[in-house]
Amino acid sequence: MSRTRVGKTRVMALGLALLVTLVFNCGIVHGKTWIVGDKGGWDLNEDMEKWPQGKHFKAGDVLVFNSKEAYPVLVVDESDYINCNLLGKAKRYESRHDRIRLVKGGNYFISDGPE
């Protein structure tokens, strides 16, 4: 086999590996979009703890927090969620139309809006 042909084969193999990687990663990047609270949206006057029941979430899915009221969404760790700690290292979303991509492992959300 000539050197040129071996080089082309390696390039094609590398290209194929890259294509396979992209195809598998697209499923993670383009997960399902979920509207939190369904049609009612992110509403703290409703029981938001019941909303996820029966739903199967995975890393890459996007949660959309639409709210009519000023109900900020805080992304917290498990400990801050259990202790309802608003002073931890929470990432805060306040646009009323926030989109949050789920990561692998636990995803925890709380709000410091009026209850």
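The figures follow:
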read-out	value
Residues of segment 94-113 classified as among the charged types (D, E, K, R) and in a strand (DSSP E or B), total	3
Contacts under 6 angstrom Cβ, first residue in segment 48-63 being over 12 Å from G37 (Cβ atoms), partner part of a loop (DSSP other than H, G, I, E, B), 6 or more apart	F57/L102; A59/L102; A59/V103; A59/K104; G60/G31; D61/G31; D61/K32; D61/L102
Where a residue in segment 96-112 is in the same structural domain as D43 (by TED's automatic domain parsing) and its partner, wherever it lies, is modelled with pLDDT under 90 and part of a strand (DSSP E or B), with Cβ under 9 Å and at least six apart	none
Given (1) of a type in the set (A, V, I, L, M, F, W, C); (2) touching a residue at least 60 places away in the same chain (Cβ under 8 Å); (3) in a strand (DSSP E or B), number of the condition L44 does not satisfy	(3)
Segment 84-99, residues that are exposed (fewer than 14 other Cβ atoms within 10 Å of the Cβ) and either modelled with pLDDT of 90 or more or small (G, A, S) (or both)	G88, K91, R92, E94, S95, H97, R99
Enumeration of residues in segment 72-93 that are more than 18 Å from W34 (Cα to Cα) and assigned to a loop (DSSP other than H, G, I, E, B)	D77, N83, C84, N85, L86, L87, G88, K89, A90
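The values are calculated or read from the model by the stated rules, or taken from the named source; none is laboratory data. Everything numeric here is computed off the predicted structure, so don't read it as measured data. Heads up, the Cβs are rebuilt from the backbone with ideal geometry, glycines too, and the neighbour counts pull from every protein chain shown.
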